Amino acid sequence: MDSRLCAALELARKAYGALEPAEPPGRWTTLACVVLGQIDATAQTSRRRQWFTGSILASPSDVAEGKDELIAVSLTRGRRSPRKAGVLRQLAQWWLTQFGDESEVGPWKGPTEQFREELVRLPGVSLELANRLLLFVGDHAVYPIDRPTVRLCCRHGWMAVEDEYEVWQSFLVGGFEGETRWLRQFCLLAARIGRAHCGRVASCDGCPLQSLLPLTGPCEPETA
Ligand code: SF4
């Protein structure tokens, strides 16, 4: 365990609670929540959940067979970006080839690299999204290296922007000893801190991680 990451997780939990994903790993609905940016349970209202479960989006086979326009209408009704229709349909078709039309399949069994390669081949699936799906849906020990995490780790001097992708993975995944629950929590908490304090400009006063800063203050990502 990396003591800096553990301390950060602990402090963030004290400030915001132990954030949990809206859906557990292994479900199609979890995948849809990740794609739609609704994976933080506290961001999902009961109204939004009701819309989701009653829509075409709740079933992988309906999405796979649906036209993009139909999926887009459903997304618009739920006040989500209709531009996600294409990637959702691609992922639904991939899901059917992997798991059939089951909506709940448990953790994905198989090599992480193989899943990642298949996912990034789909139009609209970035490496970051593939890793997010692997962690939140597949329950694989990888980290979606996103902007909030990069800013946080660089400003604290733990990592540098120019560090290789594998070095980032090893710092974060190794730092939490591959414990997927902590990786998910850290990812959600980093996003929360990013929105509240650690955006384009760091606003460290009152940030839960202020006590972990270097004595000289935050390093800027470009120079960390
Ligand atoms: S706002 Fe400051 S204290 Fe908070 S995470 Fe960013 S660099 Fe750290």
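The values are calculated or read from the model by the stated rules, or taken from the named source; none is laboratory data. Because the structure is predicted, anything quoted here is derived from the model rather than measured. Positions of Cβ are backbone-derived with ideal geometry, glycine not excepted, and every protein chain shown enters the neighbour counts.
Tell me whether the range 72-80 contains one or more residues that are assigned to a helix (DSSP H, G or I), surrounded by fewer than 17 Cβ atoms within 10 Å (Cβ to Cβ) and of a type in the set (S, T, N, Q).
Yes.
Could you look through the range 168-203, keep only residues that are of a type in the set (A, V, I, L, M), more than 8 Å from the ligand (Cβ to nearest atom) and more than 17 Å from the chain's Cα centre (by Cα), and pick out the one that is farthest from Thr42 (Cα to Cα)?
Applying the filter and picking the extreme gives Val201.
If I go through the range 101-116 residue by residue, how many of them are assigned to a loop (DSSP other than H, G, I, E, B) and modelled with pLDDT of 95 or more?
Going through the range 101-116 one residue at a time, the tally reaches 7.
If you check Val120, Val87, Val125, Val63, which single one turns out to be among the hydrophobic types (A, V, I, L, M, F, W, C), over 29 Å from Gly17 (Cα atoms) and assigned to a loop (DSSP other than H, G, I, E, B)?
Val125
In the list Gly206, Gly217, Gly110, which residue meets the criterion of being within 16 Å of the ligand (Cβ to nearest atom), small (Gly, Ala, Ser) and not assigned by TED's automatic domain parsing to the domain that holds Leu11?
Gly217
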